[in-house]
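The numbers here are math on the coordinates, done by the rules we state, and not lab data. Please read all numbers here as calculations on a predicted model, not as lab measurements. Note that each Cβ is placed from the backbone with ideal geometry, even for glycine, and that neighbours are counted across all protein chains shown.
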Amino acid sequence: MILCQECRRNEANIHIIKNVDGKQSELNLCEQCARKKEELDFSFEPQFSLHKLFASMLGQSVRGSREEMTAAAMQCPSCGLTFAQFGQIGRLGCSECFSAFEGRLKPLLRRIHGSCIHSGKVPSRAQNRVNILREIDQLKEELQVKIQGEEFEEAALLRDRVRAMEGTVQEDLTEKGDPQ
Amino acid sequence: MKQIEFSLSRWMDGSGPESDIVISSRMRAARNIKGHSFPCLASDQETAAVLKIISAAVDGKPDFADFTNWTMGKLSTLERQTLVEKHLISPFLARESTHGALLLRRDEAVSIMINEEDHLRIQAILPGLQLEETWREAGRYDDLLESELEYAFNERFGYLTACPTNIGTGLRASVMLHLPALIMTRQINHLLGALSQVGLTVRGLYGEGTEIIGNLVQVSNQVTLGQTEDEIISNLYSVIHQVIEQEQNTRQALLDKKRANLADRAWRALGLLKYAQVMSSQEAIQLISDLRLGYDLGLIKTVNHKILNELLVLIRPGCLQLLAGKELDNSERNLERPAQIKKTLDRHLE
Ligand SMILES: [Zn+2]
Ligand SMILES: [Zn+2]
């Protein structure tokens, strides 16, 4: 029989395991003592401590040097969110924020996800462009392999193909009037 | 006037693969509409506009004929709490009383949250371990909405979300597990550590932060960018299968050594659930877990997963008050809880 940690009299029939920052602790309580604790808060969405982590990480990186002061003052032209504000709330304001803060966001995304390039589902509207861009990335990788293997003729062919494809994506951009 | 009632959601029906350990599988895709500020920074006017745009995309569409539209502002706190307790909406949406809204499919397996942290949170939740099917359900509505709405999407970053932890696929996959044997034998701590090292988040199902109560644990993916949806699902699968195997082996070992004790525990749990007069939710969750283990080990046959899932939800404060038809304070709820449990058990066990 495990005794209740609160009153040390009754049998502990309620076991609560806490996991705070990777450290586990166990709480064994009897019915009466457990009842004194507040009603549990049900929640299904994982609460990421990451939110706070990156907010603090950004908070630090924007303090200090002049370059970082400028970074803090960077502002999204669309929603008006500054990079410093993003550091505080940990949320971006609109889709344009990603272009406005791109250079600063990439290292952050890499730290959270171990990557900063999407490889999953694509909306059908964006499918064509994404296919071309993903193929360009792949060709560029092949190009590097050819160069390292000193297969320069094939490398030149690949390079031309990449350029041509980049050209079509560019045209695509101007046609659609996409700001990016 | 339409009202939220206490009904059984699809995930509560207790079916599905591995349902002796996996209670439910859930997928949630975060999406935003291009050209509109995300809800956290948007003005009231803008969130109202987003709600209008999304409503226009689904109104009158045959694919959404079996959905009901709920506006958070028109629901009582109790009704919203009930939806949270049934895992149909997030606590975040429940607080969004201005322009937050919910599209809920009749079987309650699909819920589309509007103006949550992102403009859209498309969620599917099914019983047992069926991540692909759950993603197929959510993905279907994602495609339908995308055919009407232009999503905020960037070729490099994927689906753009307010929080950088959701960017990319915008996909959060999670599985709710019942792990009494691993917890009883204290193997759980090892496991929790191992899971967090492979990029998975583990939380207690019910309780603040990471408390584990009633031997219920939620495991979900942490990474949303750089992996495909299939990779996220198969990573989670392979880990969950290992957890299931460990739990099963441990259950068998316990059964071999302590059969009588486990049976005693399960029958005592049933006795208390049927006849106790005052009961906190913590005690109830623990007893339901004991009873579930007894059932899953074949030691007690009078209950089933459906009853156990129904109990697990109806003991929550919001559901209890909704069932009682009035507001109850904490001590009143501790009286109402065993009454409702008894009623439910009597109804099923006749
Ligand atoms: Zn005590
Ligand atoms: Zn912005």
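Here the range B:148-166 and the range B:277-322 have alpha carbon centers that stand 40 Å from each other. With the convex hull of its Cα atoms as the shape, the range A:74-118 has an orientation-averaged projected area of 3.0 nm². Distance from the Cα centre of the range A:84-150 to that of the range B:21-96, in angstrom? What the calculation gives is 28 Å, centre to centre. Once the Kirkwood radius over Cα pairs is known for the protein assembly as shown, the Stokes-Einstein relation at 20 °C and 1.002 mPa s delivers a diffusion coefficient of 86 µm²/s. Shielding by partners for peptide B:226-239, expressed as the average number of C-beta atoms from other protein chains within 10 Å of each residue's C-beta, is 2.
Of the Cα atoms belonging to the range B:41-111, the radius of gyration and Dmax stand at 12.4, 34 Å.
By the Cα gyration tensor, the range B:231-298 has an equivalent ellipsoid whose semi-axes, rounded to whole angstrom, run 29, 18, 7 from largest to smallest. Per residue of B:190-200, other chain Cβ atoms within 10 Å of the residue Cβ number 1 on average.
For B:Ala65 and B:Leu335, calculate 0.36 nm times their separation in residues minus their Cα-Cα distance, and state this gained length in nm to one decimal. Intermediate results must be reported in sequence, preceding the final value.
Values: separation 270, 0.36 × 270 = 97.20 nm, distance 4.02 nm.
Additional length available on full extension: 93.2 nm.
Taking every residue in A:87-100 and counting other chain Cβ atoms within 10 Å of its Cβ, the average works out to 6.
Comparing the range A:125-176 with the 2.2 N^0.38 Å rule of thumb, its C-alpha radius of gyration ratio is 1.27 (two decimals). Pick out which of B:Gly14, B:Gly226, B:Gly60 has the largest mean-square fluctuation in a Gaussian network model of chain B, springs linking Cα atoms closer than 10 Å. Sorting by GNM fluctuation, first place goes to B:Gly60. Working note: 222 nm ellipticity from helices only, DSSP H runs with n ≥ 4, each -39,500 (n - 2.57), summed and divided by the residues of chain B, gives -15000 deg cm²/dmol to the nearest 500. Sorting B:Trp11, B:Trp70 by the number of Cβ atoms found within 10 Å of their own Cβ, with the fewest placed first, yields B:Trp70, B:Trp11.
To the nearest 20 debye, what is the magnitude of the charge dipole of chain B about its Cα centre, counting +1 on the Cβ of each Lys and Arg and -1 on the Cβ of each Asp and Glu? Show your work: numbers first, answer last.
Values: 38 positive and 45 negative charges, 220 e Å.
The calculation lands at about 1060 debye.
In this simple spin-label approximation, B:Gln45 and A:Gln138 carry label points 7 Å from Cα along the Cα→Cβ vector, and these lie 4.7 nm apart. Restricting the calculation to alpha carbons of the range B:1-65 gives Rg and Dmax of 17.6, 48 angstrom.
Note on B:Asp256 and B:Thr77: their simple-model spin labels are 5.3 nm apart, each label 7 Å out from Cα toward Cβ.
What is the gain in length, in nm to one decimal, between A:Ala73 and A:Asp160 on full extension, counting 0.36 nm per residue of separation less the C-alpha to C-alpha distance? Don't skip to the end; give the middle numbers.
Details: separation 87, 0.36 × 87 = 31.32 nm, distance 4.05 nm.
Roughly 27.3 nm would be gained on extension.
Going by neighbour counts of Cβ atoms within 10 Å, the residues A:Met165, B:Met176 line up, fewest first, as A:Met165, B:Met176. Summarised in one figure, the compactness ratio Rg/Rh of chain B, Cα atoms and Kirkwood Rh, is 0.98.
Send over the Kirkwood Rh of the range B:259-349, from the inverse of the averaged 1/r over different Cα pairs, rounded to one decimal Å.
Values: mean 1/r = 0.0766 Å⁻¹.
With all distinct Cα pairs of the range B:259-349 included, I get 13.1 Å.
When the Gaussian network model of chain B links Cα atoms closer than 10 Å, the mean-square fluctuations of B:Ala101, B:Ala324, B:Ala124 top out at B:Ala324. Report the paramagnetic label zone for A:Val169: residues of the range B:119-161 whose backbone N is under 17 Å from a point 7 Å from Cα along the Cα-to-Cβ axis. Counting backbone N atoms under 17 Å from the label point, the list is B:153-159.
From least to most packed, judged by other beta carbons within 10 angstrom and beginning with the fewest, B:Arg95, B:Arg156 follow the order B:Arg95, B:Arg156. Using Cβ point charges alone (K and R +1, D and E -1), the dipole size of the protein assembly as shown about the Cα centre works out to roughly 1720 debye.
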